Each structure stands twice: as structure tokens, then as C-alpha cells.
Amino acid sequence: MTITIECYGASARWCGGAKIALELAADGTVDDALSVLAQRYPEFASRRASVAVAIGDAIVKPSQRLPDGALIALIPPVSAG
């Protein structure tokens, strides 16, 4: 199946762009998608644990199964001062 990842904030820099298309197995999960990203993008791999993932307006767990055509968003940590 094919999913699309939208990278917000610093995650776009870590992953080389604002949108990434990934191919996953039919029963793929959020964690599977993050593993593929971590293999492709070493800078993302070192920050993976601090990134939240959203589908629509809900933050989802790594175990969340993804349907074909899913659009997920990477949300890096935010700091303000």
C-alpha cells in the first residue's frame, strides 16, 4: 500500500522534504512507516522518539494500523521561550 507523510517544522529538514510517499505492507502500522523513515533518513532516526504522529486531528499510537492511501503528519517537538 502507499501512504503519504507530511513533515511539519524541523521534520521536513530531517526527512528531506515536506511530503514523502512510502510503500508499506498491506497491514502496515505507524511504527512501520517510522522505521522506513529512520532507515532512509539518519537525521530523523536520531529524533524519532520525540516526534508525534497525527492522522487528521488526532495523535495516534505507533501500533495504529494504516489504510491504503493514509495521510499522516509528523509533528516535531515545539519549544517556545
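What follows draws every value from the coordinates through simple rules; no lab data is involved. Just so it is clear, the model here is predicted, and its values are computed rather than measured. Positions of Cβ are backbone-derived with ideal geometry, glycine not excepted, and every protein chain shown enters the neighbour counts.
Here are the numbers:
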read-out: Any chance residue 70 is surrounded by 15 or more Cβ atoms within 10 Å (Cβ to Cβ), touching a strand residue (DSSP E or B) at 6+ places or on another chain (Cβ under 7 Å) and touching a residue at least 60 places away in the same chain (Cβ under 8 Å); value: yes
read-out: In region 1-12, the residues that are surrounded by 14 or more Cβ atoms within 10 Å (Cβ to Cβ) and more than 12 Å from the chain's Cα centre (by Cα); value: 1, 10
read-out: Residue tally, condition in contact (Cβ under 8 Å) with a residue 40 or more places away in the chain and surrounded by 15 or more Cβ atoms within 10 Å (Cβ to Cβ), over region 15-52; value: 4
